[in-house]
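Report on one structure; see the data block that follows.
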Amino acid sequence: MGKPQKVKDIFMKTITYLGSGFSLLFLTITMIFIFSNGFGLISFGLFTGDYHAKYYAGRPASVECEGCEVTDELKGYYSSVYGIALYDDFDRAGNVVIKVSYVHENSPLLNMLDTNNPNQSISLKVDDVVTRVAFFDQPSALTRNGASMMIQSMDQSTEIRELTFSTLGGGIRGSLITTLYLIGMSLALALPIGILTAIYFSEFAPVNRLTNLLRSFIETLTGVPSIIYGLLGITLFIPITVRLNLSQGANLFAGAMTMAVILLPVVIRTTEETLKSIPNSYRHASLALGANYTQTVKKVVLPNALPGIMTATFLAVGRIIGESAALIFVLGTAVKDTVRVNESSTTLAVHIWTVMTDEPSNIELASSIAFIILIIVLILNIGVKYMSYLINKKLRGVV
């Protein structure tokens with residue numbers, strides 16, 4: 001090897017190492033930022049809880065709690081007058097709240113008159129969030145004053161005029177369910193069309209200007225910004241679902257169709273390249289044994305291409321999880337706790353956009369959701385590599 005070639009190789013390796021190093025550096029910085037800001041909010045309740053808190057307002061039916069003195073040590077501050085213990089905490093979005101840690105069995109707060117519906121009774125429960133306690137004889141006790149001041153005000157009052165409380169809220173259950181629905185519906189539309197198209201291009205289509213032009217169009221679609229697909233969805237797919245009486249506006253059907261269009265170029269190109277990588281000797285051997293070409297493709301080519309098709313599938317899943325621009329148009333930005341396929345809702349990525357547009361932006365919750373998305377994508381990548389390894393191992397007969 002001559003000296004000019006060695007210099008060229010060293011230069012190319014340096015560029016490669018620098019590029020890889022910068023990519024790793026920026027990825028590490030991003031992960032550290034997301035982890036440091038969002039990991040503290042990760043909990044089981046974040047996955048299973050509603051995003052919207054349910055608010056209640058009640059007035060105690062009696063004034064005092066008889067026999068509510070306790071000797072056990074309770075979390076936070078305890079009012080023997082009303083038989084309730086409160087403590088300072090944070091909700092799932094990272095905001096300061098006052099939560100209930102204990103309610104005595106004789107507490108008047110277990111039997112309150114609903115101020116919005118006098119014919120209905122409501123009760124305070126452990127883990128509820130107390131937002132305001134209004135009195136007849138003194139100023140209201142609010143969250144910003146802390147649990148200690150709220151308990152002190154309750155002990156000094158003769159009667160509570162109204163107690164406002166809510167469930168915790170701040171969960172991402174609705175967005176998580178929407179994401180899973182969107183993955184299933186989008187793949188159900190995109191995979192059959194994409195894989196069959198790739199099989200036709202790779203195995204049956206003649207090599208001519210028309211097929212080359214179609215391939216160029218597909219490659220061009222890969223680089224189209226996703227927000228353009230969002231415009232396609234809002235002008236085509238939403239009106240279709242409305243005309244078919246499937247919905248009255250943005251909905252999951254339109255979101256799935258839009259995502260299917262976005263995924264088709266990725267699925268087609270990845271699957272076609274996988275099919276082309278199968279050695280022609282496999283096809284020749286099958287044809288020599290008497291199989292026709294359709295049987296060869298079905299029994300020989302496709303099984304050997306399965307790892308690559310799985311890769312295309314998991315790439316599609318990752319794209320669905322991370323997509324936001326197009327879905328803001330066709331799926332909406334309203335976070336829903338009850339998910340219906342004919343209504344608007346948000347995916348995890350759009351949920352990030354929603355909380356970051358609040359005033360002020362909720363960086364902690366956005367970081368938590370981003371951390372969850374990164375973990376899901378990491379698991380998908382590891383999973384597809386492992387399953388591809390198992391499939392290749394089985395095909396080679398080394399099981």
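Among the residues that make up the range 97-104, is at least one of them buried (at least 19 other Cβ atoms within 10 Å of the Cβ), under 33 Å from the mean Cα position of the chain (by Cα) and closer than 19 Å to Ser367 by Cα?
No, the range 97-104 contains no residue that is buried (at least 19 other Cβ atoms within 10 Å of the Cβ), under 33 Å from the mean Cα position of the chain (by Cα) and closer than 19 Å to Ser367 by Cα.
Checking Asp89 against (1) out of contact with any strand residue (DSSP E or B) (no Cβ under 8 Å at 6 or more places or on another chain); (2) under 30 Å from Ile372 (Cβ atoms); (3) not in a loop (DSSP other than H, G, I, E, B), which test does it fail?
Exception for Asp89: condition (1).
Could you please tell me which pairs satisfy a Cβ distance under 7 Å, a separation of 6+ or placement on different chains, a first residue in the range 160-187 that is among the basic types (Lys, Arg), and a second residue that is assigned to a loop (DSSP other than H, G, I, E, B)?
Arg161/Phe136; Arg173/Gly49; Arg173/Asp50; Arg173/Asp337
Count, please, the residues in the range 10-46 that happen to be part of a helix (DSSP H, G or I) and surrounded by 13 or more Cβ atoms within 10 Å (Cβ to Cβ).
Result for the range 10-46: 10.
Part of a helix (DSSP H, G or I) and under 28 Å from the mean Cα position of the chain (by Cα): does that describe Gly233?
yes
So which residues in the range 236-257 are more than 20 Å from Ser175 (Cβ to Cβ), in a loop (DSSP other than H, G, I, E, B) and of a type in the set (A, V, I, L, M), if there are any at all?
Leu244, Leu246
Can you pull out every residue in the range 54-86 that is crowded, with 20+ Cβ neighbours inside 10 Å and either assigned to a loop (DSSP other than H, G, I, E, B) or in contact with a His (Cβ under 6 Å, 6 or more places away or on another chain) (or both)?
Across the range 54-86, the qualifying residues are Cys65, Tyr82, Gly83.
Does the range 163-173 contain at least one residue that is surrounded by 13 or more Cβ atoms within 10 Å (Cβ to Cβ) and more than 30 Å from Gly40 (Cβ to Cβ)?
No, the conditions are met nowhere in the range 163-173.
Given the residues Leu289, Leu231, Leu236, which is the only one that is surrounded by fewer than 19 Cβ atoms within 10 Å (Cβ to Cβ) and at pLDDT below 90? Lay out the reasoning, then the answer.
Values: Leu231 fails: at pLDDT below 90; Leu236 fails: at pLDDT below 90.
Among Leu289, Leu231, Leu236, only Leu289 is surrounded by fewer than 19 Cβ atoms within 10 Å (Cβ to Cβ) and at pLDDT below 90.
Among all residue pairs at least 6 apart or on different chains, which show Cβ distances below 7 Å where the first residue, located in the range 289-301, is under 16 Å from Leu196 (Cβ atoms) and the second is in a loop (DSSP other than H, G, I, E, B)?
Val301/Ile278
In the range 85-120, what residues are of a type in the set (Ser, Thr, Tyr), over 19 Å from Ala53 (Cα atoms) and modelled with pLDDT under 90?
Ser107, the sole residue that qualifies.
Given (1) touching a residue at least 12 places away in the same chain (Cβ under 8 Å); (2) over 15 Å from Val63 (Cβ atoms); (3) crowded, with 16+ Cβ neighbours inside 10 Å, identify the lone condition not met by Val126.
(3)
Can you spot a residue in the range 205-225 that is surrounded by 21 or more Cβ atoms within 10 Å (Cβ to Cβ), within 30 Å of Glu343 (Cβ to Cβ) and in contact with a Pro (Cβ under 9 Å, 6 or more places away or on another chain)?
Restricting attention to the range 205-225, the residues satisfying the condition of being surrounded by 21 or more Cβ atoms within 10 Å (Cβ to Cβ) are none.
Scanning the range 205-225, I find no residue that is surrounded by 21 or more Cβ atoms within 10 Å (Cβ to Cβ), within 30 Å of Glu343 (Cβ to Cβ) and in contact with a Pro (Cβ under 9 Å, 6 or more places away or on another chain), so the answer is no.
Looking at this structure, is Ala305 small (Gly, Ala, Ser), more than 16 Å from the chain's Cα centre (by Cα) and crowded, with 21+ Cβ neighbours inside 10 Å?
For Ala305, the condition - small (Gly, Ala, Ser), more than 16 Å from the chain's Cα centre (by Cα) and crowded, with 21+ Cβ neighbours inside 10 Å - is met.
Does Glu272 satisfy the criteria of being of a type in the set (Asp, Glu), buried (at least 19 other Cβ atoms within 10 Å of the Cβ) and within 23 Å of Ala370 (Cα to Cα)?
Details: of a type in the set (Asp, Glu): yes; buried (at least 19 other Cβ atoms within 10 Å of the Cβ): yes; within 23 Å of Ala370 (Cα to Cα): no.
Here the answer is no, as Glu272 does not meet what is asked.
Exactly one condition in (1) charged (D, E, K, R); (2) more than 19 Å from the chain's Cα centre (by Cα); (3) buried (at least 18 other Cβ atoms within 10 Å of the Cβ) is false for Lys298; which is it?
(3)
Among the candidates Val355, Val350, Val384, single out the residue that is buried (at least 18 other Cβ atoms within 10 Å of the Cβ) and farther than 26 Å from Gly45 by Cα.
Step by step, each of Val355, Val350, Val384 is checked, and only Val384 is buried (at least 18 other Cβ atoms within 10 Å of the Cβ) and farther than 26 Å from Gly45 by Cα.
For the range 129-159, which positions are closer than 16 Å to Tyr78 by Cβ and buried (at least 19 other Cβ atoms within 10 Å of the Cβ)?
Val130, Val133, Ala141, Ala147, Met150, Ile151, Ser153, Met154, Ser157
Pull out all pairs, ordered by first then second residue, where Cβ-Cβ is under 6 Å, the residues are six or more apart or on different chains, the first lies in the range 239-263 and is under 25 Å from Ile309 (Cα atoms), and the second is in a loop (DSSP other than H, G, I, E, B).
Phe253/Leu246; Gly255/Leu331
Residue by residue through the range 109-136, note down the ones that are farther than 17 Å from Gln152 by Cα and more than 34 Å from the chain's Cα centre (by Cα).
Once the filter is applied, which keeps residues that are farther than 17 Å from Gln152 by Cα and more than 34 Å from the chain's Cα centre (by Cα), the range 109-136 yields Leu110, Asn111, Met112, Leu113, Asp114, Thr115, Asn116, Asn117, Pro118, Asn119, Gln120, Ser121.
Suppose we keep only residues that are touching an Asp or Glu at 6+ places or on another chain (Cβ under 9 Å) and among the polar types (S, T, N, Q) within the range 182-204. Which one would you say is surrounded by the most Cβ atoms within 10 Å (Cβ to Cβ)?
Of everything passing the filter in the range 182-204, Ser202 is surrounded by the most Cβ atoms within 10 Å (Cβ to Cβ).
The values are calculated or read from the model by the stated rules, or taken from the named source; none is laboratory data. All figures in this text were calculated on a predicted structure; none of them were measured in a lab. In this analysis, Cβ positions are derived from the backbone assuming ideal geometry, glycine residues included, and neighbour counts consider all displayed protein chains.
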